[in-house]
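K.L.:
Please read through the structure below; I'll follow up with questions.
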Amino acid sequence: MGEVFSLFGQPVTMFGLGAALSMLVLFAASGLYWSRKGVTFPVTVRFAFLALPLAFVMGRLVFVLGNVTYYWETLSNPALALRFWDGGYAMTGVIAGILLAAVICGKWTRTSAGVMLDGAMYGVLPALMTERLFEGFTELGLGRSPSYDWLSALCVDDGYGFLVHPVYRYEAAVALVLFVIITCWVIRNKAIPSGDTALVTLSLLGTTQVIMESLRSDGHMIIFHFVRLQQILFLVGAVVVLIIFCVRAAKKGNIKTSHQLALWLAVVACIGVGIWMEFRVDRGPYKWLYYTVLIACMAVITSLTLGVRKLSNRK
C-alpha cells in the first residue's frame, strides 16, 4: 500500500495521502467555481467542514453495504465493518457525501442549493482524477491483460508478473477530459440554470464510469459474478438526471407523452444491450466489439439526456 509513516499507531499510506490531496483539490476547484457565482470564502470553509466527515462516512457505508455478506458470512463478524482504518471505501458513496454536504451547507448559509451542488460536482472531477492516480500505489484500478500486443505499451505489471491495463490511469484521463469539457462549457455559457452544471456533470460521469468500471478486474465491490455495485450506482445516477430533466420538460409542456415513452424505451433498450455486452465481455472473444457497443449505448443515453435538458430549459 506504500506506507509512508505512522500516525497514532496507524500506518499512513501513499493512497491515504492521495485521498487527502484529492479533498484539497475538491475544495480548491469548488471554491473557484463558487467565487465566480459570488459565493464567499467562508461558505467554502463550511462546505469543507461538512464534506470531510460526510464523504468519509458515506464512502465507508456504501462499501460496507456492498460487502455485507463478506462481513456477515465470510468473517462471521459484522462488527469488523466498523474498523474503518482497515480500508474499504466506495467512490459513489464519497460523491454522495459531498453532494449531501453541499445541500446542507446551502441551507446553513442560505445559499442556493443548485449553486452549491454545481460547485461541488464541478470540484469532484479534478478530485476524482487525483484520487485515481494514487490508486497506482494499491492493487485497485487494474484491468485485464491486453488482447493485442500493441496495447502492451500502455500496460503495467500487476505485481505478479502479468501485464494488465492500468484502468486507474484511464479513469484519471477521463475525469480530466470531462473537467476540461465542463470548464469550457461553463465559461462559454454564462446563463446556465442553477443546478444544471451538477446534473450534466453527474450524467457524463455516470455513463463514462459505467464503461470504466467494466474495464476493472480488481474484484472491488463485485456483488454478483462480475457485476459491480458502483457500476450500477453510477448508471442509476445518470438515469436520475434524465428523470429530472424529463419532469422539468413535461411541466413546461415541452415534451409529449409519446415522445417520453419512446425515449424511455430507447434508454431501457440501451441498458439491456449494455448488460448483454457485460456478459459477452466476460465470456466472448471479441472484446473490442463488446466495448464499442457498450460505449455506443452509454453515448445514446447521454445524448438523450442532453437533448431533454434543452427541452426542459426552453421557455
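K.L.:
Scan the stretch 186-200 and give yes if some residue there is more than 26 Å from LEU125 (Cα to Cα) and in a loop (DSSP other than H, G, I, E, B), otherwise no.
P.N.:
Checking the stretch 186-200: not a single residue is more than 26 Å from LEU125 (Cα to Cα) and in a loop (DSSP other than H, G, I, E, B).
K.L.:
Please work out if VAL210 is surrounded by fewer than 16 Cβ atoms within 10 Å (Cβ to Cβ) and more than 23 Å from TRP34 (Cα to Cα).
P.N.:
no
K.L.:
So ARG314 fits all but one of (1) in contact (Cβ under 8 Å) with a residue 24 or more places away in the chain; (2) part of a helix (DSSP H, G or I); (3) over 23 Å from the mean Cα position of the chain (by Cα); what number is the exception?
P.N.:
(2)
K.L.:
Taking THR130 and the conditions (1) part of a helix (DSSP H, G or I); (2) among the polar types (S, T, N, Q); (3) open to solvent by 30 Å² or more (accessible area, probe 1.4 Å), which numbered condition does it fall short on, given that it satisfies the others?
P.N.:
Unmet condition: (3).
K.L.:
Listed residues THR74, THR44; which is at pLDDT 95 or above and among the polar types (S, T, N, Q)?
P.N.:
Criteria check complete, one pass: THR44.
K.L.:
What's the number of the condition HIS220 fails, among (1) part of a helix (DSSP H, G or I); (2) touching a helix residue (DSSP H, G or I) at 6+ places or on another chain (Cβ under 9 Å); (3) more than 19 Å from VAL124 (Cα to Cα)?
P.N.:
(1)
K.L.:
Now, a different point. State yes or no: is VAL268 modelled with pLDDT of 95 or more, surrounded by 13 or more Cβ atoms within 10 Å (Cβ to Cβ) and assigned to a helix (DSSP H, G or I)?
P.N.:
No: the conditions fail for VAL268.
K.L.:
Any idea which residue in the stretch 233-265 is least open to solvent (accessible area, probe 1.4 Å), counting only those that are of a type in the set (S, T, N, Q) and free of Cβ contacts under 8 Å to residues at least 24 places away in the same chain?
P.N.:
The residue in question is GLN260.
The values are calculated or read from the model by the stated rules, or taken from the named source; none is laboratory data. Since the model is a prediction, treat every value here as computed from it, not as a measurement. Don't worry about glycine lacking a Cβ; one is built from the backbone with ideal geometry, like all the others, and counts go over all protein chains shown. Surface accessibility is based on the protein's heavy atoms, side chains included, excluding ligands, DNA and RNA. Shrake-Rupley method; radii C 1.70, N 1.55, O 1.52, S 1.80 Å.
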